[in-house]
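Enquirer: Mind having a look at this structure? Questions to follow.
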Amino acid sequence: MLKKSLYRTGLAVSLSSLLISTAWAQLARESYSIEILDEPDQHRTYIVDNNFTHALSTRIRVVDPDEQKLLGTISTGYMAPMVLSHDKSTIYTADIFYARGTRGERTDVLTATDAQTLNPLWEVELPAKLANMLTELYMLTISDDDRFVYAYNFTPATSITVVDVKNQEMVNEIEIPGCMLNYPVGDRAFASICGDGTLQKVVIDDQGQEVSRSKTRFFDPDEELMNERAILNGDTYYFTTTDGVIQPVHIVDGELQAGERWSLFGEDHQQENWGVGGWQLLAASPHLNRLYALVHSDHEPRKWEDPSDTVWAYDLESGEKVGEITFPNHVWSIHVTKDESPLLLGGTVEGDMEVYDLSQNSHVATMEEIAGTPILMLSH
């Protein structure tokens, strides 16, 4: 009986295996293809997703805010900053990788990614000095003519790595002691904000070598706290103090000039304890010539990075407040597209992105769970 039972069992298994094998054999061979995105328009948005729950797997989420659609994802190194080429063709990230994920030999690279296929084009290995910090706009920037990319280093000594993207090679490392970040100034210069209250401008030549440096004083560090996360509109960088005083810095014939200050808050607002808040807390619309600031009431010292649901709009010609916008959720960073029908975008700590049409003065949508932690948003 035992032999017959084993025979039947073996026969059943063999028949089952044959049927499964036959079924598998009938499956068509799968194929894959790469979807080519359209050339980016000015509403296409790139979300820098630092993903606080598992920061080693940071990424860029590419979205269409008009259609509320995810277009693709670019994997990056740890807490990688990003910058877009002005010609809309390339996405650059400054990536940090470890051989064993969280440990092992460290490799730093600048990666160039195609803006239509979202595939990497090339990479250049950099000195293992890239700043390993919460991502900011001016950690990775590009010259106005798309020739050089500037990467911020912090070891804690500070310096800027200069990469010639035309020839795909690192050409220089420029020390900036006592200073941090890099704000592009035309085709062949960048500025860094310094602890003595100045902006230090470094001029380079066509080979990426330093030609000269100079300083422009624009605040007193003994009297006020200046937020380094400025926004560029045209030829002017707009900085804000933690008390909401706007300090313009104009680029005039390649030189930096501190402009006239003005405040986001009048006396009545100050009495009500209004203050600035958020991570990327300023945005600007070139078409509307307006500045947008993330603000909150009941402001307290050291609360100027808290998220808020309130954005105030200011006319950049007069400095006057011209509008208020309220999001349905608190956002941590804001961004405005550069076109004639601008969108105001807000990233929440929970991973959503708010979409607001500035031309229609209306909230369009909440793109829920579009990212882990949308720390920054950029567009062409």
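The values are calculated or read from the model by the stated rules, or taken from the named source; none is laboratory data. Since this is a predicted model, take the numbers as computed values, not measurements. Please note: Cβ atoms are built from the backbone with ideal geometry, for glycine as well, and neighbour counts cover all protein chains shown. For accessibility, only protein heavy atoms count, side chains too; no ligands or nucleic acids. Shrake-Rupley method; radii C 1.70, N 1.55, O 1.52, S 1.80 Å.
Enquirer: How much FRET efficiency would the formula 1/(1 + (r/R0)^6) give for residue 155 and residue 67, where r is the Cβ-Cβ distance and R0 is 30 Å, rounded to 0.05?
Expert: After rounding, the FRET efficiency stands at 0.10.
Enquirer: Please list 187, 298 in order of solvent-accessible area, largest first, computed with a 1.4 Å probe with all protein chains present.
Expert: Sorted descending by solvent-accessible area, the residues read 298, 187.
Enquirer: Starting from the Cα of residue 298, step 7 Å along the direction of its Cβ; do the same at residue 210; then give the gap between the two resulting points in nm.
Expert: With each label point 7 Å from Cα toward Cβ, the separation is 4.9 nm.
Enquirer: Need the C-alpha centroid separation for region 262-334 versus region 99-170, integer Å.
Expert: 32
Enquirer: Right, something else. Within region 104-151, list the GluC sites (Glu not before Pro) lying in a DSSP loop whose Cβ has at most 15 other Cβ atoms in a 10 Å radius.
Expert: Taking region 104-151 and a limit of 15 other Cβ atoms within 10 Å, the loop GluC sites (Glu not before Pro) found are 105.
Enquirer: Something else now. Once you keep just the Cα pairs under 8 angstrom separated by 6 or more residues, what percentage relative contact order results for region 29-141?
Expert: 21
Enquirer: Test of understanding: given the chain, find the longest segment containing no chymotrypsin sites (Phe, Trp or Tyr not before Pro) that are in a DSSP loop and have at most 15 other Cβ atoms within 10 Å.
Expert: 53-380
Enquirer: Between helix 2-26 and the chain, what is the angle of the helix's C-alpha long axis to the longest principal axis, kept within 0 to 90° and rounded to the nearest 10?
Expert: The angle comes out near 50 degrees.
Enquirer: Given contacts defined as C-alpha pairs under 8 Å and at least six residues apart, what's the relative contact order of region 80-235, whole-number percent?
Expert: Normalised by residue count, the contact order of region 80-235 is 14 percent.
Enquirer: Take the chain, mark every one of the trypsin sites (Lys or Arg not before Pro) that falls in a DSSP loop and has at most 12 other Cβ within 10 Å, then report the longest stretch left between them, sites excluded.
Expert: Longest gap between qualifying sites, sites excluded: 167-301.
Enquirer: Under the classification rounded if a/c is under 1.5, otherwise prolate if a/b is larger than b/c and oblate if not, where does region 257-380 fall, given a ≥ b ≥ c as square roots of the Cα gyration tensor eigenvalues?
Expert: Note, shape of region 257-380 comes out oblate.
Enquirer: Then there's this: Which residue, 27, 110, 344, has the most motion in a Gaussian network model of the chain that connects Cα atoms within less than 10 Å?
Expert: Of 27, 110, 344, the most mobile in the Gaussian network model is 27.
Enquirer: Using the basic label-point model (7 angstrom from Cα toward the beta carbon), what is the residue 322 to residue 98 distance in nanometres?
Expert: Result: 4.9 nm between the two label points.
Enquirer: OK, next. Go ahead and set up a Gaussian network model of the chain, Cα springs under 10 Å, then flag whichever of 34, 142, 96 fluctuates most.
Expert: 34
Enquirer: Go through region 198-270 and name the GluC sites (Glu not before Pro) that are in a DSSP coil and have 12 or fewer other Cβ atoms within 10 Å of their Cβ.
Expert: 223, 260
Enquirer: Provide the descending list of Cα extents for region 59-162 along its principal axes, expressed in whole angstroms.
Expert: Extents along the principal axes: 43, 34, 24 Å.
Enquirer: While we're on this one: Defining a contact as two alpha carbons under 8 Å apart and six or more residues distant in sequence, what relative contact order in percent does the chain show?
Expert: Contact order relative to length: 12 percent.
Enquirer: Also, I was wondering about something else. Can you give the direction-averaged projected area of the convex hull of the alpha-carbon atoms in region 305-369, in nm²?
Expert: Here the figure is 4.7 nm², rounded to one decimal.
Enquirer: OK, next. What value, in deg cm²/dmol to 500, does the helix sum -39500 (n - 2.57) over DSSP H runs of n ≥ 4 give at 222 nm once divided by the residues of the chain?
Expert: Roughly -2500 deg cm²/dmol at 222 nm, from the helical runs in the chain.
Enquirer: Let me ask you something else. Grab the beta carbon distance between residue 125 and residue 315, set R0 = 35 Å, and tell me the FRET efficiency rounded to 0.05.
Expert: 0.15
Enquirer: I need the calculated FRET efficiency for the pair residue 228 and residue 32, taking r as the beta carbon distance and R₀ as 41 Å, to the nearest 0.05.
Expert: Given R0 = 41 Å and the Cβ-Cβ separation, E is 0.40.
Enquirer: Follow-up. So if the hydrodynamic radius of the chain is defined as the Kirkwood radius over C-alpha pairs, what does Stokes-Einstein give as its diffusion coefficient at 20 °C and 1.002 mPa s, in µm² per second?
Expert: In µm²/s, the coefficient rounds to 95.
Enquirer: Points 7 angstrom from Cα along the Cβ direction at residue 257 and residue 220: gap in nanometres?
Expert: Placing both labels 7 Å along Cα→Cβ, they lie 2.4 nm apart.
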